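Chemist: Supplied in structure tokens, the structure appears directly below.
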Amino acid sequence: DVLVPDLTYLPVRGNLPTLLVEELLDGPTEWLDPAVRSAIDPGVALQSGSVVQVGTMARVDLSSQVARAQAEQRDRLAAQLAWTLRQAPGVSEVAVLSDGQPVPLPSSETGVVSADEFAFYDPADEPAGDQLYAVSDGRVVAVDDADAVAVPGPLGEDAQARSVAVNLTATRAAADSVDGTSATVGGLMESGTATTSDLGADIGVPSFDRAGRVWFVDRGQDTSRVLLLDEGSEAVEVASGALADVRVERLQVAPDGVRAAAVYESEGAARLLLTLVLHRPDGLLELGQVRDVVLDGVEAVDVAWASATALALLGEDADDVQPFLVELSNGSVSSRGQVEGAVSLAASPGQPLVIGTGPIAVEGADPEPLLVRQDALQEWVPLLSASSPTYPG
């Protein structure tokens, strides 16, 4: 029900639309393949050997088997083509053909589509909008500019929360306790109920996935455990593959629900990696292959998904903790400016970065944690006193 970006490299020279479609027809890369499926069957090929661009339209003529596929499969194939070819300069529409004839689609009888017609497959879609949440005096609050209002339901009361996550539709939230041993998951409505579960010795910041499940890391052991809590079920330990032998500090599931970013300790350093969320035949989930993200001397502290192809990172560089943007498409790591006392961050596609600081002394008042937000001019602007900022998802 969602598109997943797949990083690949193409020659600088050549017909870019053709190169893109050829890569798509080859199927997912080896790393991503176990976690996704394509609507393009093996053996489908370009009939003419290339994609023909006419004005802003890319004409993609495929094997005859495409026309015989089920309607839903044809539509998903068209979505993959449209979103892939939108990267080619000048292409805004795609004509899907089979043996030279237009392929009728549920979304278009003529077989001509654009990525806009498949916006509901966008991995960066935000059903809940741009609402920011945080923790204040142990309660979960909704933050608007310089105001913080307790959320409706049990978590907006004295929940003794340390950090919080909110699901994509902003109808449920999860908070770990101040002592790190339990987590509370509850509805964000006046009539909402909440369930508290004892999970471990030091539970980390929770993370909701696309299906509304909550992921936790129990950091109370030398290695750590990844836990999954589904609504109405007991928490289960997730088989963690290559992560089983390292200590994970933070796990953040991507908006597509297929990838996850993790901060982990290795050889005395805090590093960053990507891992896959795999669906096993028995219905359980597990974490699969990992891929290290090179940070050029920066040690990872906290991570969030800034877009489908970029991570917001709180990292320590030369004894100074500051926010960075990590572009997965080209591996670049760029600083987002200095923030005094930064300890956590929140990011979401299309939304400004928000940093949570440790207690900062203000003249005439006791030290308090602070939220600061990056504005359109890349300046960091103080919001209010609170901690553990997060966006939905």
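Chemist: On each of the three principal axes of the Cα atoms of the chain, give max minus min coordinate, whole Å, ordered largest first.
Modeler: Principal extents (Cα only, largest first): 74, 45, 44 Å.
Chemist: Another question about this same structure. Can you give me the C-alpha center-to-center distance between the range 312-373 and the range 168-228, rounded to a whole angstrom?
Modeler: Cα centroid to Cα centroid, the span is 23 Å.
Chemist: To the nearest 10 degrees, how steeply does helix 71-85 sit against the main Cα axis of the chain, on a 0 to 90 scale?
Modeler: 80 degrees
Chemist: Now for a different question. Below 14 angstrom from the Cβ of residue 353, what's the summed charge of the other residues (Lys, Arg +1; Asp, Glu -1)? Please list the in-between numbers first.
Modeler: Working: positive: 336, 373; negative: 130, 302, 375, 379.
Net charge in that neighbourhood comes out at -2.
Chemist: Please report the relative contact order for the chain, taking Cα pairs under 8 Å with a sequence separation of at least 6, and give it as a percent rounded to a whole number. All intermediate terms of the calculation are to be shown ahead of the outcome.
Modeler: Values: 955 pairs, mean separation 41.7, N = 393.
Relative contact order, the chain: 11 percent.
Chemist: Moving on to the next point. Under 10 Å, Cα contacts only: if you run a Gaussian network model on the chain, which one of 184, 275, 193 comes out with the highest mean-square fluctuation?
Modeler: Taking springs between Cα atoms under 10 Å, the residue moving most is 193.
Chemist: Which angle between 0 and 90 degrees, to the nearest 10, do you get for helix 16-25 versus the longest principal axis of the chain when only C-alpha atoms count?
Modeler: With rounding to tens, the tilt is 80 degrees.
Chemist: Which value at 222 nm does the chain reach when only helices count, each DSSP H run of 4 or more adding -39,500 (n - 2.57), with the total divided by all residues and rounded to the nearest 500 deg cm²/dmol? Please list the in-between numbers first.
Modeler: On the way: 2 runs with 25 residues, N = 393.
-2000 deg cm²/dmol, from helical runs alone.
Chemist: What translational D, rounded to a whole number of µm²/s, comes out for the range 301-393 from Stokes-Einstein when the hydrodynamic radius is the Kirkwood one over Cα pairs, at 20 °C and 1.002 mPa s?
Modeler: Once the numbers are plugged in, D ends up at 159 µm²/s.
Chemist: Karplus couplings for the range 300-306 from phi (6.51 cos²θ - 1.76 cosθ + 1.60, θ = phi - 60°), rounded to Hz, Gly and Pro as x?
Modeler: Result, rounded to whole Hz: 6, 10, 8, 8, 8, 8, 7.
Chemist: Rank these residues by their accessible area, most exposed first, probe 1.4 Å: 9, 133. Walk me through the numbers on the way to the answer.
Modeler: Values: 9 165, 133 20 Å².
Correct descending sequence by accessible area is 9, 133.
Chemist: Looking at the range 18-125, which GluC sites (Glu not before Pro) are in a loop (DSSP not H, G, I, E or B) and have at most 16 other Cβ atoms within 10 Å?
Modeler: Listed in order of number, the matching sites are 30, 109.
Chemist: For the chain, set up a Gaussian network in which alpha carbons nearer than 10 Å are linked by springs, and say which option among 276, 105, 32 fluctuates the most.
Modeler: Maximum fluctuation in the GNM of the chain, among the listed residues, is at 105.
Chemist: Okay, next question. For the range 220-291, just list the percent of Cα-Cα distances falling in each 5 Å bin from zero outward, please.
Modeler: Distribution as computed: 3, 15, 27, 27, 17, 7, 2, 1 percent.
Chemist: May I pose another question? What is the Cα centroid distance between the range 107-140 and the range 47-77, reported in whole angstrom?
Modeler: One Cα centre to the other: 27 Å.
Chemist: So what is the accessible area of the range 302-384 per residue, in Å², with the probe set to 1.4 Å?
Modeler: Values: 3800 Å² over 83 residues.
Here the per-residue accessible area is 46 Å².
The values are calculated or read from the model by the stated rules, or taken from the named source; none is laboratory data. Here the structure is a predicted model, which means the values were calculated and not measured. Quick reminder, even Gly has a Cβ in these numbers, built from the backbone with ideal geometry, and neighbours come from all protein chains shown. Protein only, heavy atoms only, side chains kept; ligands, DNA and RNA dropped before computing areas. Shrake-Rupley method; radii C 1.70, N 1.55, O 1.52, S 1.80 Å.
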